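**Student:** Shown below is the structure under consideration.
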Amino acid sequence: MPSCSRFASSSHAHRPGRGRVELSRYVRIRAVPPRAANDNRTGAPQLWRWAIALGTAPTLAVALALSFLI
């Protein structure tokens, strides 16, 4: 039926001679995973890593200073 025909582009057209399914056609490496519709998080960086680094810096500085005195 002409109304049911579907346009197949060259990238999606059936390629004769391939007897196997290649995962590279379906898998994207390092792709952003889909997010849920009710996910309201922003793409902001995670600030807790900076908070831990800033909190441990004085402790490490004191430990380094004491190691020079000993």
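Where a number appears in this text, it was derived from the coordinates with a stated rule and is not lab data. These numbers were taken from a predicted model, which means no experiment stands behind them. Reconstructed Cβ throughout: ideal geometry from the backbone, glycine too, with neighbour counts over all protein chains shown.
**Student:** Per residue of the stretch 50-62, what does 6.51 cos²θ - 1.76 cosθ + 1.60 with θ = phi - 60° give for ³J(HN,Hα)? Whole Hz please, x for Gly and Pro, Karplus curve as stated.
**Tutor:** 3J(HN,Hα) across the stretch 50-62, in whole Hz: 5, 5, 5, 5, 5, x, 8, 4, x, 5, 5, 5, 5.
**Student:** Tell me the trypsin sites (Lys or Arg not before Pro) within the stretch 27-70 that lie in a loop according to DSSP and have at most 10 other beta-carbon atoms within 10 Å.
**Tutor:** Answer by residue number: R28, R30, R35, R41.
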